[in-house]
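The numbers here are math on the coordinates, done by the rules we state, and not lab data. The shown structure was predicted, so the numbers you read here are calculated from the model rather than taken from an experiment. Please note: Cβ atoms are built from the backbone with ideal geometry, for glycine as well, and neighbour counts cover all protein chains shown.
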Amino acid sequence: MIISRRTLLQGTTSAALVGSFGVRAQSAEFTYKYANNLPVTHPMNLRAKEAADRIKQETGGRVEIQIFPNNQLGSDTDMLSQVRSGGVEFFTLSPLILSTLVPNASISGIGFAFPNYDSVWKAMDGELGAYVRGQITKANLVVMDKIWDNGFRQTTSSNKPIQTPDDLKGFKIRVPVSPLWTSMFTAFGSAPASINFAEVYTALQTKIVDGQENPLAIISTAKLFEVQKFTSMTNHMWDGFWFLANRRAWERLPEELRPIVAKHLNAAAVEERADVAKLNAGLKDELVSKGMQFNDPDPALFREALRKAGFYAEWKKKYGDEAWAILEKAVGTSLA
């Protein structure tokens, strides 16, 4: 499959495309729903559709997966509740939001921990990912082995580039509703405001906040370049999506079918990672053509500022020594 920037930027959804994602059950023994919060044209949905087709084929039509993209079945909180109750069988969710149920799931989002994708996949396909999956399993959910990619998050602003930690002092920035985000920007002396994403464009347009942070793909698809001038490649957090399953629904699948489903979902995750990395790399030129200005700050300056502010020490205490040691082993540096 070739996924281009044009594919991603075509729009969030359309009736025709969404209809093609709903696999109509005819003679399937197991028809399961998969819900997510991304546009139908995002690589995650395109790769998930491929996986669903392969699962249907290899199981001889016994397993069909219906895909419901773009928050069709509710907000992240709603869908997390549904996957726990069994109203939805599959769901992908950011570990930072999953932390409302599994507190230590958000450890992969610690600010400025990962210098690059190599370190991310080494950690998430290795000991750190195994640790987090163990925590998720304790919450009575089934989680696939491979985490999907959302990308490194960048900082945008309407009035100045963010070049050093001092530029964040007093900076009014929108953050998602998550303690980790609020804690990090508070440590920088910013003025973080927790605002639902649906309201971000308006909040930037009306100057309720001066900036926000997101991967480039979201900055582009949400047209934030219309209300933001500067993109600072802070790479301050990496974010992904765990592929979750309702435990009862998973265990209803016969033992010979579970490995087939897991195999194709995990393979699709690895393919989606490559898609997202390419998209985010290419979107820089796209955003420059829309009038955005880019700069590349030194992450070491921001990491040191967080260390001095006690951010890492605070979160080490919250996560515990075991989890923190696994994180530091993965990133190859002492953070706290």
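Report, to the nearest 10°, how far helix 76-85 tilts away from the longest principal axis of the Cα atoms in the chain, using its own Cα long axis and a range of 0 to 90°. Around 30 degrees separate the two axes. Rounded to the nearest 10 degrees, the angle from helix 321-331 to the longest Cα principal axis of the chain is 80 degrees. Since only PHE30, ALA269, GLN228 are under comparison, the one whose Cα sits farthest along the positive direction of the charge dipole of the chain, derived from C-beta charges on Lys, Arg, Asp and Glu, is GLN228. Measuring against 32 Å, Cα to Cα, the residue pairs LYS146/LYS316; LYS56/LYS284; LYS229/LYS329 contain LYS56/LYS284; LYS229/LYS329 as the ones spanning a longer distance. Cross-linked pairs LYS33/LYS278; LYS169/LYS317; LYS122/LYS290: Cα-Cα separations exceed 27 Å for LYS33/LYS278; LYS122/LYS290. GNM remark for the chain: springs join alpha carbons under 10 Å apart, and the peak mean-square fluctuation among GLY74, GLY60, GLY211 falls on GLY60. Under 5 Å from the amide H of LYS33 lie the amide H atoms of GLN66, GLU89, PHE90, each residue being 5 or more positions distant or on a separate chain, with H modelled from the backbone and absent for Pro and chain starts. The angle separating the long axis of helix 43-58 from the principal Cα axis of greatest extent in the chain is about 20 degrees.
In the range 148-301, a dipole from Cβ-located charges (positive for Lys and Arg, negative for Asp and Glu) runs towards its positive end, and of ASN280, VAL209, LEU244 it is VAL209 whose Cα lies farthest in that direction. Scalar couplings 3J(HN,Hα) for the range 302-310, obtained by applying the Karplus form with A = 6.51, B = -1.76, C = 1.60 to θ = phi - 60°, are 6, 4, 5, 5, 5, 4, 5, 7, x Hz; x denotes Gly and Pro. Extension gain, THR202-GLU314: 0.36 nm per intervening residue step, less the Cα-Cα distance, totals 37.0 nm. Taking the charge dipole of the range 76-166 about its Cα centre, with +1 at Lys and Arg Cβ atoms and -1 at Asp and Glu Cβ atoms, the residue from VAL120, THR137, ILE147 reaching farthest to the positive side is THR137. GNM remark for the chain: springs join alpha carbons under 10 Å apart, and the peak mean-square fluctuation among ALA245, ALA313, ALA113 falls on ALA313.
Given their separation in residues at 0.36 nm each and the Cα-Cα distance between them, ASP145 and ALA130 gain 4.6 nm when the chain is fully extended. The string of couplings for the range 312-318 from the Karplus curve (6.51, -1.76, 1.60, θ = phi - 60°) is 5, 4, 4, 6, 4, 5, 5 Hz, one whole number per residue in order, with x for Gly and Pro. Rounded to the nearest 20 debye, the dipole magnitude of the chain is 360 debye, with +1 charges on Lys and Arg beta carbons, -1 on Asp and Glu beta carbons, and the Cα centre as origin. Here the range 99-125 is scanned for amide nitrogen atoms under 15 Å from the site 7 Å beyond the Cα of SER194 along Cα-to-Cβ, giving 99-103.
In this simple spin-label approximation, GLU322 and GLU251 carry label points 7 Å from Cα along the Cα→Cβ vector, and these lie 2.3 nm apart. For the range 213-249, list residues with backbone N below 19 Å from a point placed 7 Å from the Cα of TYR117 toward its Cβ? Label zone hits: 214-221, 233-243.
Amide H contacts for VAL175 (H built 1.01 Å from N in the peptide plane; partners 5 or more residues away or on another chain; cut-off under 5 Å): ALA193, SER194, ILE195. For the range 190-336, the square roots of the Cα gyration tensor eigenvalues, ordered a ≥ b ≥ c, give a/c of at least 1.5 with a/b no greater than b/c, which places it in the oblate category.
Rounded to the nearest 500, the 222 nm mean residue ellipticity of the chain from helices alone is -13000 deg cm²/dmol, with -39,500 (n - 2.57) taken per DSSP H run of at least 4 residues. Dipole magnitude for the range 76-164: about 220 debye, using +1 per Lys or Arg Cβ and -1 per Asp or Glu Cβ, origin at the Cα centre.
Highest GNM mean-square fluctuation among LYS49, LYS207, LYS284, for the chain modelled with Cα contacts below 10 Å: LYS207. Summing Cβ point charges (Lys, Arg +1; Asp, Glu -1) relative to the Cα centre of the range 113-257 gives a dipole of roughly 420 debye. Compared with the direct C-alpha span, the chain from THR186 to LYS278 gains 29.9 nm at full extension, assuming 0.36 nm per residue. Two numbers describe the Cα atoms of the chain: Rg and Dmax, which are 19.8, 62 Å.
Note on the range 51-157: Cα convex hull, mean projected area over all directions, 8.6 nm².
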